[in-house]
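Peer 1: I have a structure here, written as structure tokens, and I will follow up with some questions on it.
The values are calculated or read from the model by the stated rules, or taken from the named source; none is laboratory data. None of the values given here were measured: they were computed from a predicted structure. All Cβ positions, glycine included, derive from the backbone under ideal geometry; neighbour counts span all protein chains shown.
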Amino acid sequence: MQVRQSIHSDHAKQLDTAALRREFLIETLFTADTYTMTYSHTDRIIIGGIMPVTQSVTIGSEVGKQLGVSYFLERRELGVINVGGPGVIDVDGTQWEIGNQEALYVGMGRQSVIFSSNDAARPAKFYYNSAPAHRTWPDKKITLAEASSTTLGDAATSNRRTINKFIVPDVLPTCQLTMGLTRLEEGSLWNTMPCHTHERRMEVYFYFDMDEETAVFHMMGQPQETRHLLVHNEQAVISPSWSIHAGVGTKRYTFIWGMVGENQVFDDMDPVQIGDLR
């Protein structure tokens, strides 16, 4: 488990490129036949990836010890979106078939969660976020057809995109975790611009669906103290509540957003006009 401490906005202004990447960028999410895990002190979100290839993968009791509990989800909820080949998630003996760009919500208190792929030649890639929870909600699979979807933007501003809200109150109840997948249309490069902050929630962006020659310039920082991170395929950025989170790619891409905080109101944002950015 990697641990990332909370960074004050005044501290972030002083960081160079290497330090910004060390504090906010998660460079490796998927490793064959194991899980990756990053624990952020920003709202205590956990971010990671699971890629079973030749064997199934489970998050074992060692994580419970690191969290001070008996097992991983004793006091947590879990959201998973598969960005690879079809796979299966076994939750306390119930098997869920999760295809590409399908999601599974797993409620607090589930003791056994086992991840496997249907085909080693095209392994599943289970990207996940986990948040502290206060009660148990039912497990639920969500397909693209079941997600709450909205298309926004315009080709003239290079930001035509469809936002697929998988884990939101309109689709299912959770304690605090929300997750979704945003796909840019061909020819569109910008996400979340004009940008915003949200004082009451943090957010994580996971960028994928990019070839080796594609990169995203992820904008971060306070609106009048912006910085950028150069992000490649299957990497994630931790965004504190004081930071903007927007990006422009060298080609189109797709990203998963996950939020944790005081509320689950998607539109609870503090918008920033482009003319006010510095």
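Peer 1: Looking at 25, 29, can you tell me which residue is touching a Leu at 6+ places or on another chain (Cβ under 8 Å), within 21 Å of residue 234 (Cα to Cα) and in contact (Cβ under 8 Å) with a residue 24 or more places away in the chain?
Peer 2: Sole residue among the options that is touching a Leu at 6+ places or on another chain (Cβ under 8 Å), within 21 Å of residue 234 (Cα to Cα) and in contact (Cβ under 8 Å) with a residue 24 or more places away in the chain: 25.
Peer 1: Can you pull out the strands (runs of 3 or more DSSP E) entirely within the range 5-86 that have at least 2 residues that are in contact with a helix residue (DSSP H, G or I) (Cβ under 7 Å, 6 or more places away or on another chain)?
Peer 2: none
Peer 1: Can you find, within the range 210-228, the residue that is surrounded by the fewest Cβ atoms within 10 Å (Cβ to Cβ) among those that are farther than 18 Å from residue 274 by Cβ and in contact with a strand residue (DSSP E or B) (Cβ under 8 Å, 6 or more places away or on another chain)? Walk me through it before giving the result.
Peer 2: Going residue by residue through the range 210-228, those that are farther than 18 Å from residue 274 by Cβ are 210-216.
Next cut, in contact with a strand residue (DSSP E or B) (Cβ under 8 Å, 6 or more places away or on another chain) only: 210, 214-216.
Values: 210: 21, 214: 15, 215: 19, 216: 26.
Within the range 210-228, the match that is surrounded by the fewest Cβ atoms within 10 Å (Cβ to Cβ) is 214.
Peer 1: Right, something else. Quick one: would you say residue 277 is more than 22 Å from residue 164 (Cα to Cα), without any contact (Cβ under 8 Å) to a residue 24 or more places away in the chain and of a type in the set (A, V, I, L, M, F, W, C)?
Peer 2: no
Peer 1: Now, a different point. Any chance you could count how many residues in the range 229-239 are part of a strand (DSSP E or B) and either on the phi > 0 side of the Ramachandran plot or over 15 Å from the mean Cα position of the chain (by Cα) (or both)? Before the answer, list the steps.
Peer 2: Restricting attention to the range 229-239, the residues satisfying the condition of being part of a strand (DSSP E or B) are 229-231, 235-239.
Of the ones still in play, those that are also either on the phi > 0 side of the Ramachandran plot or over 15 Å from the mean Cα position of the chain (by Cα) (or both) are 229-230.
Total satisfying the criteria: 2.
Peer 1: Okay, next question. How many residues does the range 133-157 hold that are surrounded by 19 or more Cβ atoms within 10 Å (Cβ to Cβ) and among the hydroxyl-bearing types (Ser, Thr, Tyr)?
Peer 2: 0
Peer 1: Could you give me the residue pairs with C-beta distances under 6 Å whose first residue belongs to the range 63-91 and is in contact (Cβ under 8 Å) with a residue 24 or more places away in the chain and under 11 Å from residue 128 (Cβ atoms), whose second residue is of a type in the set (Asp, Glu) and not in a strand (DSSP E or B) wherever it lies, and which are 6+ apart or on separate chains?
Peer 2: Going by the 6 Å Cβ cut-off, the qualifying pairs are 82/102.
Peer 1: Taking the condition assigned to a loop (DSSP other than H, G, I, E, B), among the hydrophobic types (A, V, I, L, M, F, W, C) and touching a His at 6+ places or on another chain (Cβ under 9 Å), does residue 242 pass?
Peer 2: On the way: assigned to a loop (DSSP other than H, G, I, E, B): yes; among the hydrophobic types (A, V, I, L, M, F, W, C): yes; touching a His at 6+ places or on another chain (Cβ under 9 Å): yes.
Answer is yes for this residue.
Peer 1: Quick check: is even one residue across the range 236-251 surrounded by 19 or more Cβ atoms within 10 Å (Cβ to Cβ), charged (D, E, K, R) and at pLDDT 95 or above?
Peer 2: No; the residues of the range 236-251 include none that is surrounded by 19 or more Cβ atoms within 10 Å (Cβ to Cβ), charged (D, E, K, R) and at pLDDT 95 or above.
Peer 1: Here's another thing I want to ask about it. Just the residues that are among the hydrophobic types (A, V, I, L, M, F, W, C) and crowded, with 21+ Cβ neighbours inside 10 Å, please, taken from the range 38-56.
Peer 2: 45, 46, 47, 50, 51
Peer 1: Tell me which residues, restricted to the range 108-122, are over 12 Å from residue 57 (Cα atoms) and in contact (Cβ under 8 Å) with a residue 40 or more places away in the chain.
Peer 2: 108, 111, 120
Peer 1: Which condition does residue 207 not pass, out of (1) in contact (Cβ under 8 Å) with a residue 40 or more places away in the chain; (2) surrounded by fewer than 17 Cβ atoms within 10 Å (Cβ to Cβ), if it passes all the others?
Peer 2: (2)
Peer 1: Sort out which residues of the range 5-40 are within 30 Å of residue 88 (Cα to Cα), more than 14 Å from the chain's Cα centre (by Cα) and not small (Gly, Ala, Ser), and write them in order of number.
Peer 2: Taking the range 5-40 and keeping what is within 30 Å of residue 88 (Cα to Cα), we get 25-40.
From the residues that got through so far, the ones that are more than 14 Å from the chain's Cα centre (by Cα) too are 31-35.
If the condition is that a residue be within 30 Å of residue 88 (Cα to Cα), more than 14 Å from the chain's Cα centre (by Cα) and not small (Gly, Ala, Ser), then 31, 33, 34, 35 are the ones that fit.
Peer 1: Of all residues in the range 40-62, which are closer than 11 Å to residue 128 by Cβ and not hydrophobic (A, V, I, L, M, F, W, C)?
Peer 2: Once the filter is applied, which keeps residues that are closer than 11 Å to residue 128 by Cβ and not hydrophobic (A, V, I, L, M, F, W, C), the range 40-62 yields 48, 49.
Peer 1: Can residue 183 be described as of a type in the set (Lys, Arg), free of Cβ contacts under 8 Å to residues at least 60 places away in the same chain and in contact with a Phe, Trp or Tyr (Cβ under 9 Å, 6 or more places away or on another chain)?
Peer 2: Against the criterion (of a type in the set (Lys, Arg), free of Cβ contacts under 8 Å to residues at least 60 places away in the same chain and in contact with a Phe, Trp or Tyr (Cβ under 9 Å, 6 or more places away or on another chain)), residue 183 does not qualify.
Peer 1: A further question on this structure: Please verify whether residue 248 is part of a strand (DSSP E or B) and farther than 15 Å from residue 180 by Cβ, treating the condition exactly as stated.
Peer 2: yes
Peer 1: More than 23 Å from residue 181 (Cβ to Cβ), hydrophobic (A, V, I, L, M, F, W, C) and in a strand (DSSP E or B): is that true of residue 114 in this structure?
Peer 2: Values: more than 23 Å from residue 181 (Cβ to Cβ): yes; hydrophobic (A, V, I, L, M, F, W, C): yes; in a strand (DSSP E or B): yes.
Yes, satisfied.
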